[in-house]
Amino acid sequence: MTGPTLVLLHGVGLDHTVWEPVTALLSDRFTVLAPDLPGHGSRPPAPAGITLADLADGVADEIPAGAHLVGFSLGALVAQYLAVHRPELVASLTSVSSVCQRTPQERAAVLARLDTAAADVAASSEASLHRWYDGTDVDDEQIARTKATLLANDPDSFVNCYRVFATGDAEIGPELHRITAPALAVTGELDPGSTPAMTTRLAAAIPGCEAVIIPGARHMLPVQCPHELAEALSAFFGKFIGGYPRV
């Protein structure tokens, strides 16, 4: 498929396969790329001290100029960094299930989860699965796939990238006003971490950013609500790219 290029960036501990349900809905209208972030998938483990800038630099060469970036969770922070520091790459920015300017209480909660991950990756992964999927209608096979992906991570690499996720919003938050690309922020109504309040903050911080809250959804929008997410993306793109109606 030739057409506008859509670059999908995944969350911490996941890989490009998290985007498969969304890719299936959009690949007829877009050239879809879903590169793995450094330290994820088949890429080498992320070293201690890796930064948000390192993660962004590690994927920038795979992004053609003028792409539409859609980042999920950690991938959203990476996409925001690129929109600030490599604006020539970013025709539009969509932040899916993104944290933003955590409060002290929210920061303490994520640092506690980081401590759990550093002590016991398996326990951390199990807790994440409950936070992401409890109360949803996502099937057991998909949950098992997510669990297998989490457990396949190099433990040190996972913690190194999780640390970026836990602290990266404080780094990029003061820079969000510099983003000039059209922007959209999407999260689930019931997301316990990337909350609707955070999406409201994000929309306020990025000039002209729209906010969409998907009713009844939790954190894993690409697999829990691919149709709703694809529809939100299509509506957003339709405002400045002709010929791409809602799905």
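The values are calculated or read from the model by the stated rules, or taken from the named source; none is laboratory data. Since the model is a prediction, treat every value here as computed from it, not as a measurement. Every residue, glycine as well, gets a Cβ built from its backbone with ideal geometry; the counts of neighbours run over all protein chains shown.
Within the set of pairs 6+ apart or on separate chains, which have a first residue in the stretch 4-33 that is in a helix (DSSP H, G or I), a second that is aromatic (Phe, Trp, Tyr), and C-beta atoms under 8 Å apart?
VAL18/PHE72; TRP19/PHE72
Looking at (1) buried (at least 22 other Cβ atoms within 10 Å of the Cβ); (2) more than 21 Å from GLN142 (Cα to Cα), find the lone condition where CYS209 falls short.
Among (1) buried (at least 22 other Cβ atoms within 10 Å of the Cβ); (2) more than 21 Å from GLN142 (Cα to Cα), the lone unmet condition for CYS209 is (1).
Of the residues THR146, THR180, which is touching a residue at least 24 places away in the same chain (Cβ under 8 Å), closer than 28 Å to ALA108 by Cα and either crowded, with 19+ Cβ neighbours inside 10 Å or of a type outside the set (D, E, K, R) (or both)?
None of the others qualify; the one that does is THR146.
Yes/no matrix, rows are residues, columns are (1) of a type in the set (D, E, K, R); (2) farther than 12 Å from LEU77 by Cα:
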{"position": "LEU93", "(1), (2)": "no, no"}
{"position": "GLN105", "(1), (2)": "no, yes"}
{"position": "ALA108", "(1), (2)": "no, yes"}
{"position": "THR116", "(1), (2)": "no, yes"}
{"position": "GLU141", "(1), (2)": "yes, yes"}
{"position": "ASP156", "(1), (2)": "yes, yes"}
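Tell me whether the stretch 60-83 contains one or more residues that are free of Cβ contacts under 8 Å to residues at least 24 places away in the same chain and under 25 Å from LEU233 (Cα atoms).
yes
Confirm whether ALA170 is more than 15 Å from the chain's Cα centre (by Cα), within 15 Å of VAL110 (Cα to Cα) and in contact (Cβ under 8 Å) with a residue 60 or more places away in the chain.
Judged against the criteria, ALA170 is a match.
Checking the condition under 16 Å from the mean Cα position of the chain (by Cα), surrounded by 20 or more Cβ atoms within 10 Å (Cβ to Cβ) and not acidic (Asp, Glu), which residue from VAL159, VAL164 passes?
VAL164 is the lone residue from the list that is under 16 Å from the mean Cα position of the chain (by Cα), surrounded by 20 or more Cβ atoms within 10 Å (Cβ to Cβ) and not acidic (Asp, Glu).
Going through ASP154, ASP139, ASP134 one at a time, which residue ends up being out of contact with any Asp or Glu (no Cβ under 7 Å at 6 or more places or on another chain) and more than 24 Å from LEU190 (Cα to Cα)?
Within the list ASP154, ASP139, ASP134, the selection yields ASP154.
State the number of residues belonging to the stretch 84-130 that are small (Gly, Ala, Ser) and over 29 Å from ILE63 (Cβ atoms).
So the count comes out to 9.
If ASP54 meets every condition in (1) surrounded by fewer than 21 Cβ atoms within 10 Å (Cβ to Cβ); (2) outside any helix (DSSP H, G or I); (3) on the phi < 0 side of the Ramachandran plot; (4) not hydroxyl-bearing (Ser, Thr, Tyr) apart from one, which number is that one?
Against the list (1) surrounded by fewer than 21 Cβ atoms within 10 Å (Cβ to Cβ); (2) outside any helix (DSSP H, G or I); (3) on the phi < 0 side of the Ramachandran plot; (4) not hydroxyl-bearing (Ser, Thr, Tyr), ASP54 comes up short only on (2).
From the list ALA217, ALA230, exactly one residue is touching an Asp or Glu at 6+ places or on another chain (Cβ under 9 Å), buried (at least 18 other Cβ atoms within 10 Å of the Cβ) and under 20 Å from VAL18 (Cβ atoms). Which is it?
From the options ALA217, ALA230, the qualifying one is ALA217.
Taking SER73, is it modelled with pLDDT of 95 or more, out of contact with any strand residue (DSSP E or B) (no Cβ under 6 Å at 6 or more places or on another chain), crowded, with 16+ Cβ neighbours inside 10 Å and under 23 Å from ASP191 (Cβ atoms)?
yes
What about VAL59, is it part of a helix (DSSP H, G or I), under 16 Å from the mean Cα position of the chain (by Cα), hydrophobic (A, V, I, L, M, F, W, C) and farther than 26 Å from ALA197 by Cα?
Criteria met by VAL59.
May I ask you to list the residues in the stretch 21-51 that are surrounded by fewer than 18 Cβ atoms within 10 Å (Cβ to Cβ) and among the charged types (D, E, K, R)?
Listed by number, the residues that qualify are ASP28, ARG43.
State the number of residues belonging to the stretch 86-109 that are surrounded by fewer than 17 Cβ atoms within 10 Å (Cβ to Cβ) and assigned to a helix (DSSP H, G or I).
Going through the stretch 86-109 one residue at a time, the tally reaches 7.
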